[in-house]
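Undergrad: Got a structure for you, written out below as structure tokens; questions coming shortly.
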Amino acid sequence: MNQSISGVWQRVLGTQPDPPRWLVLGCAAVALLAILPHPLWRVSRNVVTIAHEGGHGLIALLTGRRLDSIRLHSDTSGLTVSSGRPTGPGMILTAAAGYTAPSLLGLGGAALLAAGRITALLWISIVLLAAMLVMIRNAFGLLSVVLTGGAFFAVSWYGSAQLQAGFAYLGIWFLLLAGVRPVVELQRKRRLGGARDSDADQLARLTGVSALLWVTLFLVVALTCLVAGGSQLLA
């Protein structure tokens with residue numbers, strides 16, 4: 001038993017060889033395919049919603065707010081509720097975390113993959129999803145997080161080294177590429193008169209800075225992470 005546990009820790013804390021370049025490029029192509037066609041995006045966007053709401057929740061906790069609940073809906077929307085001061089830096093950072101979370105998580109994941117920490121990335125993802133699961137308060141959200149976490153666990157525990165690498169690279173490419181599209185969609189909705197209670201509009205009310213500037217900041221973060229993270233994955 002002790003040897004088994006020791007072996008798991010060695011896998012998690014150790015490094016793995018870089019996958020072949022064709023696999024890295026293939027994962028990028030598959031991730032792009034999951035984002036561009038609208039029918040596929042309607043399904044794959046649920047992963048972005050998990051990252052988005054998880055970002056709100058994590059920053060709420062880190063800034064001293066009380067995290068009350070997280071809900072994920074089948075239309076790919078979500079809602080994170082936290083308690084604390086209705087204004088101030090904690091509230092601002094919490095509101096700003098949603099649209100930036102997928103890209104920033106992708107950038108962090110790219111750094112781990114560049115360092116050869118494929119298994120560590122998979123297990124960190126499992127831990128984050130398990131922590132998020134505790135705060136989920138609706139059935140669809142529970143199902144989404146359990147299925148996503150289960151996929152990570154199955155691949156990390158039973159998958160070959162090449163399968164683990166492909167799964168990890170696909171997930172990080174997806175976060176980096178998918179972080180851009182929701183920001184573009186947000187501004188399109190705002191231009192048509194919708195999404196007036198979006199994160200950007202809430203931030204505008206909290207800070208006095210226009211919602212358009214907040215959307216621009218979200219986009220700059222997403223594109224910067226895509227370029228920086230993509231460079232690390234291709235290096």
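Undergrad: At what distance in nm do the modelled label points of TYR158 and ASP18 sit from each other, each positioned 7 Å from its Cα along Cα→Cβ?
TA: About 3.2 nm, to one decimal.
Undergrad: Something else about it: Roughly how far apart, in whole Å, are the Cα centres of the stretch 19-37 and the stretch 38-64?
TA: 21 Å
Undergrad: Between HIS73, HIS38, HIS52, where does the largest GNM mean-square fluctuation fall for the chain, given springs only between Cα atoms within less than 10 Å?
TA: Sorting by GNM fluctuation, first place goes to HIS38.
Undergrad: Might you work out the accessible area of SER82 for me, using a 1.4 Å probe with all protein chains in place, and round it to the nearest 10 Å²?
TA: Near enough 30 Å² of accessible area.
Undergrad: Follow-up question, since we're still on this one. Can you pull the percent of the stretch 174-229's accessible area that's carbon plus sulfur, 1.4 Å probe, other chains left in place? Before the final figure, lay out each step's value.
TA: Working: 1810 of 2720 Å².
That share works out to 67 percent.
Undergrad: Rolling a 1.4 angstrom probe over the protein heavy atoms, how many square angstrom per residue are accessible across the chain? Write out the running numbers ahead of the final one.
TA: Details: 11970 Å² over 235 residues.
Accessible area per residue: 51 Å².
Undergrad: Using a ≥ b ≥ c from the Cα gyration tensor of the stretch 123-235 (square roots of the eigenvalues), is it rounded, prolate or oblate, where a/c under 1.5 gives rounded and otherwise the larger of a/b and b/c decides, a/b for prolate?
TA: Values: a/c = 2.84, a/b = 1.56, b/c = 1.83.
Oblate shape, in that a/c is at least 1.5 and b/c is the bigger or equal ratio.
Undergrad: Roll a 1.4 angstrom probe over the protein heavy atoms and tell me the percent of accessible area of the stretch 1-119 that is carbon or sulfur. The partial results should precede the final answer.
TA: On the way: 4250 of 6330 Å².
On the stretch 1-119, the fraction of accessible area on carbon and sulfur atoms equals 67 percent.
Undergrad: Could you compute the net charge surrounding VAL47? Neighbours are other residues with a C-beta less than 13 Å from the C-beta of VAL47; K and R count +1, D and E count -1. Walk me through the numbers before you get to the answer.
TA: On the way: positive: ARG42, ARG45, ARG181; negative: GLU53.
Charge balance in the 13 Å sphere: +2.
The values are calculated or read from the model by the stated rules, or taken from the named source; none is laboratory data. This structure is a prediction, so every number in the text was calculated from the model and none was measured. Every residue, glycine among them, receives a Cβ derived from its backbone with ideal geometry; neighbour counts consider all protein chains shown. Just the protein is used for accessible areas: all its heavy atoms, side chains included, with ligands, DNA and RNA removed. Shrake-Rupley method; radii C 1.70, N 1.55, O 1.52, S 1.80 Å.
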